[in-house]
Amino acid sequence: MPHELIQELHKIDSIAELKVILYVMRHTWGFQEFDQWKRITTEEFMHGRNGLDKGTGLTKQSVIAGLEKAIDHGFLLCKTIDRDKARIKKFYKLKLRQESDV
């Protein structure tokens with residue numbers, strides 16, 4: 001668990017925000033992919049990824065709200081590829097404090 005996350009826990013004000021942060025952490029850090037973007041759909045946040053897990057158990061509305069808060073509070077970064085408006089892809093990764101932020 002990153003020290004930066006523990007030091008900033010006071011910013012997390014909903015279980016949905018905490019669950020989406022931990023879910024991204026599991027699918028990045030959990031696979032030793034520390035600074036890589038990971039494509040995760042809302043459906044995957046809700047129900048899980050390809051039999052690897054069971055997701056967060058959150059509703060679609062809660063996933064969206066949790067992601068917005070996690071991004072606003074500086075825990076997650078989101079990259080969107082929307083060239084094909086019918087198939088918008090979102091990628092997430094943990095936003096860790098850089099040496100220059102200290």
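The values are calculated or read from the model by the stated rules, or taken from the named source; none is laboratory data. Values in this document were obtained by computation on a predicted structure and should not be read as measured data. Note that each Cβ is placed from the backbone with ideal geometry, even for glycine, and that neighbours are counted across all protein chains shown. For the accessible areas, the whole protein counts, side chains as well, though only heavy atoms, and no ligand, DNA or RNA atoms are used. Shrake-Rupley method; radii C 1.70, N 1.55, O 1.52, S 1.80 Å.
Of the residues examined, residue 30 is one that is over 10 Å from the mean Cα position of the chain (by Cα), closer than 24 Å to residue 3 by Cβ and either among the acidic types (Asp, Glu) or not in a loop (DSSP other than H, G, I, E, B) (or both). If you filter region 15-48 down to residues that are of a type in the set (Val, Ile, Thr) and closer than 14 Å to residue 74 by Cα, you find that the one that is surrounded by the most Cβ atoms within 10 Å (Cβ to Cβ) is 20.
Of the residues making up region 39-52, those that are modelled with pLDDT of 95 or more and among the charged types (D, E, K, R) are 39, 43, 44. Among residues of region 24-40 that are closer than 12 Å to residue 91 by Cα and free of Cβ contacts under 8 Å to residues at least 60 places away in the same chain, those with a Cβ under 8 angstrom from a residue that is of a type outside the set (Val, Ile, Thr) and in a helix (DSSP H, G or I), sequence gap 6+ or separate chain, pair up as 38/27; 40/23; 40/27.
Here are 21, 64, 6, 71: which of them is over 13 Å from the mean Cα position of the chain (by Cα) and in a helix (DSSP H, G or I)? Step by step, each of 21, 64, 6, 71 is checked, and only 6 is over 13 Å from the mean Cα position of the chain (by Cα) and in a helix (DSSP H, G or I).
Of the residues that make up region 60-72, is at least one at negative phi, of a type in the set (Lys, Arg) and touching a Gly at 6+ places or on another chain (Cβ under 6 Å)? No. Residue count for region 49-76, restricted to those that are without any contact (Cβ under 8 Å) to a residue 60 or more places away in the chain and either within 9 Å of residue 20 (Cβ to Cβ) or open to solvent by less than 60 Å² (accessible area, probe 1.4 Å) (or both): 13. One residue stands out among those in region 5-14 that are surrounded by 13 or more Cβ atoms within 10 Å (Cβ to Cβ) and in contact with a helix residue (DSSP H, G or I) (Cβ under 9 Å, 6 or more places away or on another chain): the one that is farthest from residue 95 (Cα to Cα), which is 14. Go through the residues of region 38-60 one by one and say whether even a single one is small (Gly, Ala, Ser) and within 14 Å of the chain's Cα centre (by Cα). Yes, region 38-60 contains a residue that is small (Gly, Ala, Ser) and within 14 Å of the chain's Cα centre (by Cα).
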